[in-house]
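The values are calculated or read from the model by the stated rules, or taken from the named source; none is laboratory data. Just so we're clear, the structure is a prediction, and the values are computed from it rather than from any experiment. A quick note on method: Cβ atoms are made from the backbone with ideal geometry, for glycine too, and the neighbour counts reach across all protein chains shown.
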């Protein structure tokens, strides 16, 4: 299973490097979403702080949610792309006939999507700090949040991406399947990021625990059910 996962992940990443879809389409889209969010929120509006905190701009306060929304929308493009390259010329059927372990295919495609998301998060995160100006918070909590949110998006997105891969309406069906499932992940990631940036780390670890449980749930569901999903597609 691990060997097959490595082969699938390497194949997908080589295709993406060659096609430059991440750098030419997905990454510019994520940065554009950040800029448009900045236009939509007045920069002069401020949020009053407590007695121990200075007031912050509304844009700065909203920056964690805006960042994760930009990542989520961009992740949909990466997930659709991941299965678009397999739907052409019956590649999924070829993987089955070649004897690839379905769990390895799931892990490999999830790893490839997660690798793309990490690159996206680093660059979009730099853009968010430059545009919105939030403070640098607890690096351990922030790093844990990013890592687990990336895993949650990759595992759930790959599972539901496979579910919609065989449909002619894949481009519109996958977002309809993935967005409701990842709504709790968006909430948890936003609250954990807010805690790391503004509130101190103590209130954010509970949300990180939720993200970890979500990752394990969809990791297990993908390993157990991906074979039947491949048969249906």
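Points worth noting:
- Residue within the range 203-226 that is surrounded by 23 or more Cβ atoms within 10 Å (Cβ to Cβ) and either touching a strand residue (DSSP E or B) at 6+ places or on another chain (Cβ under 8 Å) or free of Cβ contacts under 8 Å to residues at least 60 places away in the same chain (or both) present: no
- Test: residue in the range 146-162 that is surrounded by 21 or more Cβ atoms within 10 Å (Cβ to Cβ), in contact with a helix residue (DSSP H, G or I) (Cβ under 9 Å, 6 or more places away or on another chain) and more than 20 Å from residue 70 (Cα to Cα): yes
- A search for C-beta distances below 6 Å between a residue of the range 1-20 that is within 19 Å of residue 77 (Cβ to Cβ) and any residue that is modelled with pLDDT of 85 or more and part of a helix (DSSP H, G or I), counting only pairs 6+ apart in sequence or on different chains, returns 9/108; 9/111; 9/112; 12/112; 13/112; 16/22.
- Failed item, numbered, when residue 91 is tested on (1) at pLDDT 80 or above; (2) surrounded by fewer than 16 Cβ atoms within 10 Å (Cβ to Cβ): (1)
- When the range 60-76 is limited to residues that are in contact with a helix residue (DSSP H, G or I) (Cβ under 7 Å, 6 or more places away or on another chain) and modelled with pLDDT under 90, the one that is nearest to residue 183 (Cα to Cα) turns out to be 63.
- Condition check for residue 38: modelled with pLDDT under 85, in contact with a helix residue (DSSP H, G or I) (Cβ under 6 Å, 6 or more places away or on another chain) and part of a helix (DSSP H, G or I): yes
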